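Below is the structure I would like to discuss, written out as structure tokens.
Please treat every number below as a calculation from the coordinates, not as lab data. What you see is a predicted model; the values in this text were computed from it and never measured. Here Cβ is always computed from backbone atoms with ideal geometry, including for glycine, and neighbour counts include all displayed protein chains.
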Amino acid sequence: MKKDFRFYAKLFFSTFYLSAFTFGGGYVIVPLMRKRFVEQYHWIDEQEMLDLIAIAQSSPGAMAVNASILVGYRLAGLPGALLTVAGTILPPLIIISLVSLAYQAFRENTVVNLLLKGMQAGVAAVIANVVVGMARGIVRQKRILPVCVMAGTFLASALLGMNVALCVLLCAAVGLCDAVMQRRHEKEAQKR
Amino acid sequence: MIYLELFWSFFQIGLFSIDGGYAALPMIRQQIVETHGWLSMTAFTDVITIAEMTPGPIAINAATFVGTQLAGLPGAVLATLGCVTPSCIIVISLAWLYSRYRELWVVRGVLSGLRPAVVGLIAAAGISILALSFWGGTLWEFAFSELDGIAIVIFAVAFLVLQKWKPNPICVMLGAGLLGLALYGLPGII
């Protein structure tokens, strides 16, 4: 991949464009980034994208910003990260600056409200779609533990309202224990 | 010094809000309404409504809004920068560690636990948006009489289109918005 001016421009405008469409919380950025960086540009592979999303999720701050920083850093180091952060914060900065000038009128506009009501159902569908795809990947590993972790975090977060940071810490611990057990197994197998 | 206060206040919000979405709201309220009295509770509710109506993370939207109200465009820029600075420092450090140690078995173990967890967390966020869209409340507030048939139809159509043709999700969201405008708006016009 050549890191010329065109590459940086593409990186900046991709994050700018994706950020302008992250309605309904940060999670929509996941399907949008996958489509753009994995499927369209082939800059990052599927597995690594999942890792980056996991790191973005586990760090403080907004998910969309964190994910952009990670993608930018992965593709072009520190300058890449700064470029993608700028691309991600500019759209909300511009849009909110404009809206705050006339926010009463914007909030009460019928057309805007109906559009957003429809988009909310659309956002739910986009997230459902990416969850189905990702869950399929987890189930295909044919191991019980990841499926339990997935179902467990879903239930704990959706039904019990468990804190995201706590979920992340617990699952990291589960993953670590699993890795320790696997290593022990492998070592014992080697001894025999 | 209002600029410095804005920066510092949103720096703390950025630092202590894991998940950045709705989970960040209590932290934002504490800083903006209670500690500094920059906005009244009513104005704060307006900020949330507007943040929901516009793209971008809620914390960044709130930063821009409060910054603009208090100190114009420079205020907006500083508050927003304050909000993303902690992320930049922490996430870039993590990204560096990941690029260096991703093959290490400890790191691989932790990530293998996080990957399925992330899918579960995204599913949970999706379900709460679905609940908001279908009956306008949380998952626990389900009411059959509140069910919104139009929202269910839009969701079903959008989901099938995504599964079958794998189009750009942005087009699907915009299409869903237009469909909403048509279906919700038509009865009023006729």
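Straight-line reach from residue A:10: which lysines have a Cα under 21 Å away, not including same-chain ones fewer than 8 places off?
A:2, A:35
Seen from all sides and averaged, what is the projected area of the convex hull of the Cα atoms in segment B:81-190, in nm²? Present the calculation step by step, with values, prior to reporting the outcome.
On the way: hull surface 46.7 nm².
For the Cα atoms of segment B:81-190, the hull's average projected area reads 11.7 nm².
Under the Karplus relation 6.51 cos²θ - 1.76 cosθ + 1.60, θ = phi - 60°, what is the ordered set of whole-Hz ³J(HN,Hα) values for segment A:155-161, x standing for Gly and Pro?
The phi angles translate into 5, 4, 7, 6, 8, 9, x Hz.
Oh, and also: Check residue A:61: other-chain or 5+ apart residues with amide H under 5 Å from its amide H, H built from backbone geometry?
B:17, B:18, B:19, B:20
Which one, B:79, B:158, B:95, projects farthest toward the positive side of the charge dipole computed for segment B:72-161 from Cβ point charges (K/R +1, D/E -1)?
Value computed over the given set: B:95.
Separate question: Using θ = phi - 60° and the Karplus form 6.51 cos²θ - 1.76 cosθ + 1.60, what ³J(HN,Hα) does each residue of segment B:134-141 get, whole Hz, x for Gly and Pro?
Per residue, the Karplus-derived 3J(HN,Hα) values read 7, 9, x, x, 7, 4, 6, 8 Hz.
Let me ask another. Given R₀ = 30 Å, FRET efficiency for residue A:166-residue B:35 by Cβ-Cβ distance, to 0.05?
Values: r = 25 Å, r/R0 = 0.84.
Taking R0 as 30 Å, the efficiency between residue A:166 and residue B:35 is 0.75.
Could you give the dipole magnitude of the protein assembly as shown about its Cα centre, charging the beta-carbon of Lys and Arg +1 and that of Asp and Glu -1, in debye to the nearest 20?
On the way: 26 positive and 19 negative charges, 327 e Å.
Roughly 1560 debye for the protein assembly as shown.
Once the convex hull of the alpha carbons of the protein assembly as shown is built, what does its volume come to per residue, in cubic angstrom?
On the way: hull volume 58.9 nm³, N = 382.
Per-residue hull volume (Cα only) is 154 Å³.
Per-residue HN-Hα couplings for segment B:32-48, Karplus 6.51 cos²θ - 1.76 cosθ + 1.60 at θ = phi - 60°, whole Hz, x for Gly and Pro?
So the J values, rounded to whole Hz, are 7, 8, 7, 5, 9, x, 6, 10, 7, 4, 5, 4, 5, 4, 4, 4, 5.
Averaged over all directions, how much area does the convex hull of the C-alpha atoms of chain B cover when projected, in nm²? Write down the numbers at each step before the final one.
On the way: hull surface 61.2 nm².
So the mean shadow area of the Cα hull is 15.3 nm².
Along the positive direction of the dipole of the protein assembly as shown (beta-carbon charges: Lys, Arg +1; Asp, Glu -1; about the Cα centre), which of B:33, B:169, A:98 reaches farthest?
So the residue we want is B:169.
For segment A:147-192, with equal point scatterers placed on the C-alpha atoms only and solvent neglected, what are the log10 I(q)/I(0) values from the Debye formula at q = 0.13, 0.24, 0.25 1/Å, to two decimals?
Here log10 of I(q) over I(0) equals -0.41, -0.80, -0.84.
Normalised by the residues of segment B:1-155, what does the relative contact order come to in percent, with Cα pairs under 8 Å and at least six apart?
On the way: 137 pairs, mean separation 32.9, N = 155.
About 21 percent, as a whole number.
Taking the Cα centre of segment A:147-192 as the origin and placing charges on Cβ (Lys, Arg +1; Asp, Glu -1), which of A:175, A:161, A:185 is farthest toward the positive end of the dipole?
Among A:175, A:161, A:185, the one farthest towards the positive end of the dipole of segment A:147-192 is A:185.
Looking at chain A, what % of the alpha carbon pairs are farther apart than 27 Å? Numbers along the way, then the final one.
Values: 7682 of 18336 pairs.
Counting every Cα pair in chain A, those more than 27 Å apart make up 42 percent.
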